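S.K.: Take this structure, written in structure tokens, and hold onto it; I'll ask about it next.
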Amino acid sequence: MWLLIPILVYSVIFLYIRHIYSYWRRKGFPHEKSSLRWSFIRNIYNREFHFSEAINSFYKTGKERFVGIYCFFRPVLMVRDLPLARTLMENQGGHFNDTKWDYVRSYRKYNLLEKLSPIFATTRLEAMFRNIEKVGEHLVNHLNLGPLVSISSTSTDGACVDMQQLLRIYSVNIIANLIYGLDIDVFKQNDSVFRHYANNSLRKSGFNSYTFNRLPIKSSLTYRLRDIVRKSVELREDGGTIRKDLLQLLVKFRNGNDIEVKDKLNWHIEIVFEREKVLSIKKMGRIAEHLLDNGMTTMASTAIFTLYELLKNPALMRKIQEELKRIQIQDTAVDKQKTVYEQMRQLKLMDLCIQETIRKYPSVPTIERTCRKPFPIPNSKHVLSEGKSFIVPLLAIQRDERYFQEPLEYKPERFLKDSNGNKGENFIGFGLGAKSCIAQNFVKLVVKYILVKLFLNYHMELVPTDDFDICYDDTPFIRSEAGLKVKLRPKVKFEI
């Protein structure tokens, strides 16, 4: 009798697992073969602990427009066809909204991403540009007073630095300045909560699981960041502080003020009663931390790999220097904030380089969305059920020869208009339609500015390392003891 109990338990577990791993077959979708063979178990393991690399590797194993796969105990639809991916990502019917950005007010549900998109408008960014410049100056001062303090512009020697780490600190300093409203220099504050974020010591553990890393995390770091938001909001609402940054616009939104770009000079907050506020401090803390987590990795990885590719390609680097000289950007302009901002917008080749970096090294290697109501897949008899997810392997698609010629080559000119007027029609690095990244102009401006700052101030040379390797976790990074090792030497002022 007692022997029947474990037999029954094992039978139930076996039937449950078999039921999960037969989902796509039962639904009639094209699917990967599921069994207890080692090859299938290895695929499941790799998707759990090496998700991005495993998904993008599986993309190359077939030609179907879409195929059902399994991620641990989750059936997921992988989309291989770019036109289908566009259809899904541009869908306006509410089938694939991101629920973490939903909020309810007066019994009505809104999407915060759509509501907050005006804070990243071009005219707003122009007004915030001085704060971006200040953070760039922090990085240059850190280099000049640190690694380069004893090296003159006439010297042939240089100092080797890890630009991967420095650009991560720069990126998190941008977030601290513009989203948390702090006028601080993170390069000088080794014990800062933002420095911990840049070092990645408190956010990641050695256990890297796709499933568990996406569970809600509450830590002392989260509460410390929320406390910073609370104090900064109090300064704006109770103290009347006005500062041209993203937090100012978030506080305006919290008080129900119009944040549409009608008057870029209107940064004043009209305070309402607490019960009438749109966002709580807790919700604002979540928004700020989400922007910190995603914004830092996106800005840092884009800046790091743009710099890496430019230093690898001397001919392209010379073209960048010629563009800087032609536009005559003055790095220390007095009262010339608007002039510098307008000159930055004229750097068309730099724009192309950043776009090519995002194609070759997307900060988000896969895009995943969950279906919120049944969706009939175009040009097929299949229907994606509510609660099921689809994945667009962004890294694999943007390195597919069907969509980009010589995809592993770094060619910014591919985004110039061809004879037919096409201009990178297959590029989806920032998403598409309503699901595109609302902060893409902000990211490009921040990355472009710091690269120009570095090019104006230093001669740079890439230093080869034996353990150099480009890897993907949730975002691309350089796995090396020395990071992105670059030899720097100061330039004579404004030397190009």
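The values are calculated or read from the model by the stated rules, or taken from the named source; none is laboratory data. Quick caveat, the model's predicted, so the values are computed rather than measured. We work out accessible area using only protein heavy atoms, side chains counted, and drop any ligands, DNA or RNA first. Shrake-Rupley method; radii C 1.70, N 1.55, O 1.52, S 1.80 Å.
S.K.: Could you report region 1-89's accessible area per residue, 1.4 Å probe, as an integer in Å²?
M.R.: Per-residue accessible area for region 1-89 comes out at 62 Å².
S.K.: Any idea what % of Cα-Cα pairs in region 3-45 are farther than 11 Å?
M.R.: 70
S.K.: If you don't mind, there's one more thing I want to ask. Quick one: accessible surface of residue 392, probe radius 1.4 Å, all protein chains present, in square angstrom to the nearest 10.
M.R.: That residue has around 0 Å² of solvent-accessible surface.
S.K.: Something else about it: Express the carbon and sulfur contribution to the solvent-accessible surface of region 271-374 as a percent, rounded to the nearest whole number, probe 1.4 angstrom.
M.R.: 49
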